[in-house]
Amino acid sequence: MKGTNLNVNICIVGASGYSGIELVKLVHRHPNLNLSAVTSRSLANKPVEDSIPYLRNQLNNLEFTPSTPKDLAKRKDLDVFILALPHGAASEFAKPLYDAGKKVIDLSADFRLSSPENYKLFYGVEHPCPELLKKANYLIPELSENKTILNSKLIACPGCYPTSVITPLYPLLEEGLIQSENIVINAMSGVSGAGKKVSESFIYCERNESAVAYGIPFHRHLSEIEEQLSKAAGKALIVQFNPHLAPMKRGIVSTITVPSNCSTNQLNETLEKYFKDRPFVKILKPSEFPDSKYVVNTNRIDISARVDPRTKNAIITSSEDNLLKGASGQAIQLLNISLGLPEETGLN
């Protein structure tokens, strides 16, 4: 399945959450993808447009289906499955679909870590499908070889916080321009990053005009960040990760402080060279700082970098939409590359 004349049948599994809704909208407007099936246990047999009013009168009466993993694996009319499910539940679908030879893109955390021990440490349960971990590929498009993406049958789509951190740090660590010790990450996320939770902590009166740190010092995304950055550094490293919930619907801003071995010019020259011609990475001038309002509703990550002459620390800031570049948009970007399409197809 390659080329711009493709018509690929897509099934979105678990489309009632924020990321699932974004996936439905992206697949629907994509010129090479057909939205052929959408599943949801809670919304089974109800019209998809009732839950996603943006698409009223556009989905040809498409309904949510209650299909089981085995039933979906038997569907010869479906080519690619995108899993927008919680961790644990995604594996129930990934295993039979993978065994049936289907291409699977997973937005959960089930295949982001290479170690089942790490998974248990950070998620509190045994990994539900450890035999598939070695088959999965964790892929940030801009940091991965296209050949690897093309040949991947099970793709682990990175988390939102990790994308904002790993994307700018990976090339700098790989080139030895920053140190691998004493990395401090302060990040803010919009409330949609927590999903559609019915909780007092997420009601309007609690979150409006309010910002709060959470998940310190052992946020789940810490495991993903450290594993990938350790690959870039060529040795095991640990970071200080301080996530915050901000009073906005969507968006992430991460500010990273790390001892540097270089100048501001060297930082920016490296980033510019590394991400040259990548449509969804924008390196700003050192005097500019990424602003979430300019990346929301896009699949772009904005990055700025400079060295503080007083402390000799590199200060790297990034911003992205947590539901697009941090989840669903990145999944479509990866799917485009894996199908031999331009990576920006359906995302501009």
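How high is the FRET efficiency between Lys312 and Glu200 when r is their beta carbon distance and R₀ equals 30 Å, given to the nearest 0.05?
The computed FRET efficiency comes out at 0.10.
Among Ile332, Gly346, Tyr274, which residue has its Cα furthest toward the positive end of the charge dipole of segment 228-348, with +1 on Lys/Arg Cβ and -1 on Asp/Glu Cβ?
Going by the charge dipole, the pick is Tyr274.
Kirkwood hydrodynamic radius, segment 161-320, all distinct C-alpha pairs: what's the number in Å?
This gives a value of 16.2 Å.
What percentage of all Cα-Cα pairs in segment 69-191 are separated by more than 22 Å?
Every Cα pair in segment 69-191 considered, those over 22 Å come to 43 percent.
Which whole-angstrom value gives the distance between the alpha carbon centres of segment 82-142 and segment 263-277?
33
If we restrict to alpha carbons, what Rg and Dmax does the chain come to, in Å?
Looking at the chain, its Cα Rg and Dmax stand at 19.8, 62 Å.
Dipole of the chain, Cα-centred, from +1 at each Lys and Arg C-beta and -1 at each Asp and Glu C-beta, to the nearest 20 debye?
Once rounded to the nearest 20, the dipole reads 500 debye.
Which of the aspartates and glutamates could a cross-linker span from Lys276 if the Cα-Cα distance has to be under 15 Å and same-chain partners fewer than 8 positions apart are dropped?
Partners within reach: Glu142, Glu145, Asp302, Glu343, Glu344.
Distance from a point 7 Å along Cα→Cβ of Glu181 to each backbone N in segment 228-252: keep the residues under 20 Å and list them by number.
Of the residues in segment 228-252, 229-241 have backbone N under 20 Å from the label point off Glu181.
Tell me the angle of helix 89-99 to the major Cα principal axis of the chain, expressed in degrees between 0 and 90 and rounded to the nearest ten.
Long axis of 89-99 versus the principal axis of the chain: about 70 degrees.
Test of understanding: ordering Arg112, Arg306 by Cβ neighbours within 10 Å, fewest first, what list do you get?
If I rank by nearby Cβ atoms, fewest first, I get Arg306, Arg112.
Ranked highest first by the average count of other Cβ atoms within 10 Å around their residues, in what order do 142-149, 75-82 fall?
75-82, 142-149
Give the residue from Leu173, Gly159, Phe81 lying farthest towards the positive end of the charge dipole for the chain; charges sit on Cβ (+1 for Lys and Arg, -1 for Asp and Glu) and the dipole is referred to the Cα centre.
So the residue furthest toward the plus end is Phe81.
Treating only the Cβ atoms of Lys and Arg (+1) and Asp and Glu (-1) as charged, compute the dipole magnitude of segment 161-320 about its Cα centre; round to the nearest 20 debye.
260
Looking at segment 161-320, what % of its DSSP beta bridges pair antiparallel, to the nearest 5?
On the way: 23 of 33 bridges.
Percent antiparallel among DSSP bridges in segment 161-320 is about 70.
Looking at this model, which pairs from Lys134/Lys231; Lys25/Lys153; Lys25/Lys95; Lys76/Lys103; Lys46/Lys70 are more than 18 angstrom apart at the alpha-carbon? Show your work: numbers first, answer last.
Working: Lys134/Lys231 16 Å; Lys25/Lys153 23 Å; Lys25/Lys95 26 Å; Lys76/Lys103 12 Å; Lys46/Lys70 22 Å.
Lys25/Lys153; Lys25/Lys95; Lys46/Lys70, as the Cα separations exceed 18 Å there.
Show me the ranking of peptides 119-131, 257-269 by mean Cβ neighbours inside 10 Å, starting with the highest.
257-269, 119-131
Near Lys74, which aspartates and glutamates are there with a Cα under 17 Å away, not counting those fewer than 8 places off in the same chain?
The qualifying aspartates and glutamates are Glu92, Asp99.
FYI, it's all coordinate maths here, none of it is from the lab. These figures come from a predicted structure and were not determined experimentally. Using ideal geometry, Cβ is built from the backbone for each residue, glycine included, and neighbour counts are taken over all protein chains shown.
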